[in-house]
Amino acid sequence: MFEYEKTLQYPVKIKNPNPALAKFIISQYGGPDGELAASMRYLSQRFSMPYADLKGLLTDIGTEELGHMEMIGAIVHQLTRCMSDEEIKKAGFDTYFVDHTAGIYPQAASGVPFTAAFIGVKGDTIADLTEDLAAEQKARVTYDNILRMVDDPDVIDPIRFLREREVVHFQRFGEALSRTTDRLNSRNFYAFNPSFDRPVK
Amino acid sequence: MDYDKLLMQMPEHRPRSGADTGDLPQEAVIAMTYTPMQRQGSARFEPGAALSRGTLYPSLELPLGNNYNVRPVRMTPLGELQALHFIITELSLYLDTHCSDREALSLLQAYQTAYREKRDAYVKRFGPLSKQDVVCSESYDWINDPWPWELGRRDI
């Protein structure tokens, strides 16, 4: 089960509203490589993970990603407070505004709503961990691209933190894959699916 | 931003921690991908620095360009709590893939003790962090503003 801790993982305090930034940062809330997708991917992959240590890793990273989703929600919320009609139009935020006002809706920067098609759960240990490695890299690049577009230090600060977490998670998933192959026969790592088959004697 | 210029300013190899390399299997068979395992005992940041930099380990700090997040997180009572909590998060992820590292386990336990003490003091002063904390409240203050995503009056 999950229980809420009433604090962000890392402080988000944005002094100047700026809906033009909110328009694309929302992608890390509900976009293809966003935090909602990350969390759902890892928390769902846990159920078929056969190894105790890696059940732990998927649980811990999946839970941390929920906190990251909350941070992105806080960033978008603070960037879109006290907007005038004029500011909304000038920032190009009108296309989001007509559908969601200043609410936080899981969608990509392009407007595509969140879909489970953004994530993969293959039910195969090697395939799932390889998906997770790619997912962390794609999220890292999305944060890189956001950092190229932003010059407000109040926004850059938490975005850099979130970007760095992708690098750390990539390392841990890579180690998880090594922990997996350590347990398999190196003559053929693909002789069976450890998430599904009983180990071949 | 001119990233080429920024990268030119970086030293060719980053010698900061001396722990940039990890261990690979001696016989790495083909048709598999391998990530070097982080070594035990690699250098660590202090709690405040770890939080602001987004990792406990200098060897894993790999920013875009050379934009290291050196702006420190303000060490308010909540900031201190977040810094300790973050160390626990980082050590747990490390231990998930290095479960036989006794030193990291002792460190995790020490930080958990420190966190628990700080958290208790925080809850007594500022109100509940989880619903379980209402046990020491005089009213049902779990619902009090500000919630974490809001700017408190002091923040603006």
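Among residues other than A:Glu166 whose Cβ falls under 12 Å from its Cβ, what is the net charge (Lys/Arg +1, Asp/Glu -1)?
Summing Lys/Arg as +1 and Asp/Glu as -1 gives -2.
Leaving ligands, DNA and RNA out of it, work out the accessible area of B:His85 with a 1.4 Å probe and give it in Å² to the nearest 10.
80
In whole angstrom, note down how far apart the Cα centers of the range B:90-110 and the range A:22-78 are.
Their Cα centres are 22 Å away from one another.
Taking 0.36 nm per intervening residue step and subtracting the Cα-Cα distance, what contour gain separates A:Ala20 from A:Glu87 on full extension?
Difference between extended and current length: 23.2 nm.
Residue farthest toward the positive end of the dipole of chain B, with Cβ of Lys/Arg at +1 and Asp/Glu at -1: which of B:Tyr57, B:Phe45, B:His98?
So the residue furthest toward the plus end is B:Phe45.
Expressed as an acute angle from 0 to 90° and rounded to the nearest 10, what is the orientation of the C-alpha long axis of helix A:125-149 relative to the principal long axis of chain A?
For A:125-149 against chain A, the angle is about 20 degrees.
Applying a 10 Å radius around every beta-carbon, put A:188-196, B:133-141 in order of their mean neighbour count, most first.
A:188-196, B:133-141
On a 0 to 90° scale, report how tilted helix A:52-79 is relative to the longest principal axis of chain A, with both axes built from alpha carbons and the result rounded to the nearest 10.
10
Mind checking which lysines have their Cα closer than 24 Å to the Cα of A:Lys6? Skip sequence neighbours fewer than 8 apart in that chain.
List returned: A:Lys15, B:Lys118, B:Lys124, B:Lys131.
Give me the mean projected area, in nm² to one decimal, of the convex hull enclosing the Cα positions of the protein assembly as shown.
Average projection, Cα convex hull of the protein assembly as shown: 20.4 nm².
Treating cross-link reach as a plain straight distance, find the aspartates and glutamates whose alpha-carbon is under 15 Å from the alpha-carbon of A:Lys89, omitting any fewer than eight places away in the same chain.
Here the aspartates and glutamates satisfying the reach criterion relative to A:Lys89 are A:Asp99.
Using the Cα centre as the reference, give the magnitude of the dipole from point charges on the C-beta atoms of the range A:78-130 (Lys, Arg: +1; Asp, Glu: -1; all else neutral), rounded to the nearest 20 debye.
60
Only sites in a loop by DSSP and with at most 14 other Cβ atoms within 10 Å count here; which trypsin sites (Lys or Arg not before Pro) in the range B:29-92 make the cut?
Those that pass, being in a loop and sparsely packed, are B:Arg39, B:Arg74.
Straight-line reach from A:Lys122: which lysines have Cα under 21 Å away, leaving out those fewer than 8 places along the same chain?
Of all the lysines, those that pass the test against A:Lys122 - Cα under 21 Å, at least 8 places apart if same chain - are A:Lys55, A:Lys138.
What order do B:Trp142, B:Trp147 take when sorted by accessible area (1.4 Å probe), most exposed first?
If we order B:Trp142, B:Trp147 from most to least accessible, we get B:Trp147, B:Trp142.
Dipole size in debye (nearest 20) for chain A around its Cα centre, Lys and Arg Cβ +1, Asp and Glu Cβ -1?
That gives a dipole near 500 debye.
The values are calculated or read from the model by the stated rules, or taken from the named source; none is laboratory data. Please read all numbers here as calculations on a predicted model, not as lab measurements. For neighbour counting, all protein chains shown are included, and Cβ atoms are generated from backbone atoms with ideal geometry for every residue, glycine included. Quick note on the areas: whole protein, heavy atoms, side chains included, nothing else; ligands and nucleic acids left out. Shrake-Rupley method; radii C 1.70, N 1.55, O 1.52, S 1.80 Å.
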